[in-house]
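Written out below as structure tokens is the structure these notes cover.
The values are calculated or read from the model by the stated rules, or taken from the named source; none is laboratory data. All of these numbers come straight from a predicted model, not from anything done at the bench. With ideal geometry, Cβ positions are generated from the backbone for all residues, glycine too; neighbour counts draw on all protein chains shown. Just so you know, the surface numbers come from the protein's heavy atoms only, side chains and all, with ligands and any DNA or RNA stripped out. Shrake-Rupley method; radii C 1.70, N 1.55, O 1.52, S 1.80 Å.
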Amino acid sequence: MKKSYAVLLLILFFTGIQAQNKVNLLVGTYTNSCDSKGIYVYEFDTNSGESKLKNTSESTVSPSYLSVSADNKFIYAVNENGAESAVSTFGYEPKSGKVTFLNKQKAMGADPCYLINDGENVITANYSGGNISVFKKTAEGLSEAKQVIQHTGKGVNTQRQEGAHVHMVYFSPDKKYVLSNDLGLDKVFIYKYNPKSKDEVLILKGSVDVKAGSGPRHLTFSKDGKFVYLIQELDATLTTFSYDKNGNLKLIAETSILPKDFKGGTGAAAIKISPDGQFLYVSDRVDANNISVFKILKSGGLELQEQVSTLGKGPRDFSIDPTGNFLLVGHQYTNNIVVFKRDKATGKLTDTGKRIELCAPVCLVFTKN
């Protein structure tokens, strides 16, 4: 009897360990170029790098960026669809992976490409509209937009910077500010965040200019919150700012992610930091199709470790699993996700040979199972 009890305990113990190794991977896609349901939910094993499809949304138009609520019960998605663009709310059941549409609202700006959420609001960056929209969370999902902020102006690149192009909104670590990159204006805007305000949730504090024609796209904060790393899409510049608790950015360094003697098109895309805060990763598209790996020094400086091919075309987004064991790259044009093993000591990447095949993956988000 004691022996049977001990065996049962062992089984329960190992089952618990296996469950801890499983997380969910949410993938947002474009639905206008191939056959896609929209949002895909996979179970991902952080020990083996194996994945299996759990569920999909019912058909939803081009959910090209996703944001999950802190309680893991809701998914917010932009529907990137020109003048018909919207923002949708879905119920989310992590265990089954079930995704249930709740409601949607007009984005109030064409082609939203990024969104964030907290306990009160959802905020979108509308690329073609050149503006920012703020939506209040409700029991049904989202209210109509309660604030829209329009950027105006243009940049020196007449093809890509003919007007404002808001490419990102991003909370400061303390949630007191929202930073917004405008690719069309070569500026990073800093807004004071007032979450409970009825119509002035975001109030402009100021902005910083970056190199003319560089096209700021995405940024991320260092783990200690003292530095901001910004990737510029149009010329592959990687800029480092110092950041203080009053929301001030100060440019302290610039480098390029282009390999020496590189010739061809560039389209820098995603920028992420490893869970331990030690390494920075940046993807580049068009002809480069690679990831640059940087070690983050105590000074906030960056030291290039390697540049590796992403083994596909159009690495628009990538994500590092919560354990830091794997880095997954979504390829918009070769319709797959490539799974790389991460060396936690060096930050370097090795192809596992594992692939997830699906239509036009453009956003990867890990959540609890």
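Please list the non-local residues whose amide H lies under 5 Å from the amide H of PHE227, H modeled 1.01 Å from N, same-chain partners needing a gap of 5 or more.
Excluding prolines and chain starts, which carry no amide H, the hits are SER222, TYR243.
What label, among (i) 29, 60, 10, 1; (ii) 26, 52, 22, 1; (iii) 24, 51, 16, 5, 3, 1, 0, belongs to P(r) over Cα pairs in 20 Å bins from 0, in percent computed from the structure on display?
Step by step, P(r) over Cα pairs in 20 Å bins from 0, in percent for this structure corresponds to label (i).
Ignoring ligands, DNA and RNA, what percent of the 1.4 Å accessible area of the chain is carbon and sulfur?
52
What dipole magnitude, in Debye to the nearest 20, does the chain give about its Cα centre under +1 on Lys/Arg Cβ and -1 on Asp/Glu Cβ?
Dipole of the chain, to the nearest 20 debye: 960 debye.
Please sort by residue number the trypsin sites (Lys or Arg not before Pro) in segment 183-228 whose DSSP state is loop and whose Cβ has at most 16 other Cβ atoms within 10 Å.
Loop-located and lightly packed - LYS196, LYS198, LYS211, LYS223, LYS226.
With contacts defined as alpha carbon pairs under 8 Å and 6 or more residues apart, what's the relative contact order of the chain in percent?
Relative contact order here is 12 percent.
If I measure Cβ to Cβ between cysteines in the chain, which ones have no partner under 4.7 Å?
Unpaired cysteines in the chain: CYS113, CYS363.
Taking the solvent-accessible surface of protein heavy atoms with a 1.4 Å probe, what is the per residue accessible area of segment 276-361 in Å²?
It amounts to 37 Å² per residue over segment 276-361.
Past 23 Å, Cα to Cα: identify those pairs from LYS73/LYS136; LYS223/LYS313; LYS154/LYS205; LYS95/LYS175; LYS37/LYS341; LYS211/LYS245, in the order given.
LYS223/LYS313; LYS95/LYS175; LYS37/LYS341; LYS211/LYS245
Taking the alpha-carbon centroid of each part, what is the distance from segment 275-346 to segment 161-224 in angstrom?
Result: 23 Å between the Cα centres.
Could you report segment 93-183's accessible area per residue, 1.4 Å probe, as an integer in Å²?
That works out to 43 Å² per residue.
What is the set of long-range amide H partners of HIS165 at a cut-off below 5 Å, with H atoms built 1.01 Å from backbone N?
Counting only residues 5 or more places away or on other chains, the set is LEU183, GLY184, LEU185.
Using 0.36 nm per residue, how much length does the chain from SER242 to ASP351 gain when fully extended, once their Cα-Cα distance is taken away?
35.9 nm
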